[in-house]
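To start, the structure itself, in structure tokens.
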Amino acid sequence: MARGIRPKRAQAKQGSSGRPRFWGRHAVIAALANPNRDVRKISGTREALAMLDLPPGLPVTFCDVADLGRMVPSDAPHQGLVAEVDPLDDVWLGDILADNADNDRPILLLDQVTDPHNVGAVLRSAAAFDAIAIVTQDRHSPPESGTIARAASGMLEIVPWVRVVNLARALDEIGEAGFWRIGLAGEASDTLEDALGTSKIALVLGAEGEGMRQNTGAHCDTIARLPISEQVESLNVSNAAAIALYAIATRK
């Protein structure tokens, strides 16, 4: 895919300079440990900050719990830490595919999954099962935020997140790189086990409710379903991702 100009991405304007705010120990510690992440300032209780190895020159503000609570969404579990960060630089699909040409790790694509809790949970599952990356559309996915970072439990800093203009074109590029593209849909006749094969896998999941779009499915090699009970219409997309990734990891 050519490195063309992308639409300007919306940012989570939570910080004083339009930067996202991360909260909670896992999210903040992972951001500090990521050499590709610029942490601009950090606020916290004296007890929580004393447990961190802070880089020199980082602006630090000591706060009480009530002050921190006003810096994050209502009832957000900040655990005494709030950091203001810059979003990560864009990651390019072509680079990800080239860098991972010689391994069989899976790649995940999310078709218009907009709930930040779900995206964060998928990132956590992707890290747990050693996925190469997640891929989303630029205009139909949430921006980096404290909610995603918290739900990902630090894995936002670990799993590359590729944003593309067109998911169908991305699937074409992924197919050309040797991936077997499986779209998950409840109405499919084949189960995921039947569809897996032996190739490296690109797994496509749609938003809960709407599911995967027809055009996206048309750019998959096959459509499959999880063998869930007929009593349950569908699974949350993050649960489905975790189950499918486990099936890929344990296939024979």
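No lab work stands behind these numbers, since they all come straight from the coordinates. All values reported here derive from a predicted model rather than from experimental measurement. Cβ: placed from backbone, ideal geometry, glycine included. Neighbour counts: every protein chain shown.
Here are a few things to note about the model shown:
- For the range 41-76, trypsin sites (Lys or Arg not before Pro) are listed when DSSP marks them as loop and at most 16 other Cβ atoms sit within 10 Å of their Cβ; the list is R70.
- Relative contact order, whole percent, for the chain stands at 20, derived from Cα pairs under 8 Å and 6 or more residues apart.
- Remark: the range 21-85 projects, on average over all directions, an area of 3.9 nm² (convex hull of Cα atoms).
- Centre separation in Å (Cα based) which lies between the range 64-114 and the range 208-252: 23 Å
- Label corresponding to semi-axes √(5λ) of the Cα gyration tensor in Å when calculated from the structure given, among (i) 35, 19, 16; (ii) 30, 18, 16; (iii) 71, 16, 13: (i)
- Annotation: peptides 207-219, 156-168, ranked by per-residue average of other Cβ atoms within 10 Å with the highest first, follow the order 156-168, 207-219.
- Counting DSSP beta bridges with both ends in the chain, the antiparallel % (nearest 5): 25 percent
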